[in-house]
Structures are given as structure tokens and as C-alpha cells.
Amino acid sequence: MELVLSAEEQEFLSTILEQCQQKLLNEIAHTDRREFKQGLIQDEKLLNSLVCRLRETAVPELRG
């Protein structure tokens, strides 16, 4: 599947994903149940991969 985004859409999506990642990291830090925490950690890894891939394909002026 290919998804084509404008620079504005790419920046918006990147911002939203990074906000979700921060919330997820906070949830991981405050979770005591091991099984639940492991699931959250896997979700964060997947989200991090998406954020990194989105940054790699960002147009040059969006790369910070």
C-alpha cells in the first residue's frame, strides 16, 4: 500500500504520532501489570517504527 501525503499532512501526522508515543511511554511507566506492560511496549515499538519511517520520508524542510 502506498499513501501519498502533502507536506502539511505529513507534518500533522508526525505531530499526532509523536504525541501518542509520549502518552504511550507515560502509560508504560505507570503500568504495573506485566502482561499489559509488555503489550504496551510492543505497541510503542511499532509506533516508533512508524514515526521513524515518516521522518525518513519527510520533505527536507520538515526535517528538524
Here's a check for you: in the range 1-36, which residue that is in a helix (DSSP H, G or I) and among the hydroxyl-bearing types (Ser, Thr, Tyr) is surrounded by the most Cβ atoms within 10 Å (Cβ to Cβ)?
SER14
For LEU47, state whether it is in contact (Cβ under 8 Å) with a residue 24 or more places away in the chain, in contact with a Cys (Cβ under 9 Å, 6 or more places away or on another chain) and either surrounded by 12 or more Cβ atoms within 10 Å (Cβ to Cβ) or not in a helix (DSSP H, G or I) (or both).
yes
Within the range 37-59, does at least one residue satisfy the condition of being over 19 Å from GLU2 (Cα atoms), among the aliphatic types (A, V, I, L, M) and at pLDDT 95 or above?
yes
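The values are calculated or read from the model by the stated rules, or taken from the named source; none is laboratory data. On a predicted model such as this, the values are computed, not experimentally measured, just so you know. FYI the Cβ positions are ideal-geometry reconstructions off the backbone, even for glycines, and counts take in every protein chain you see.
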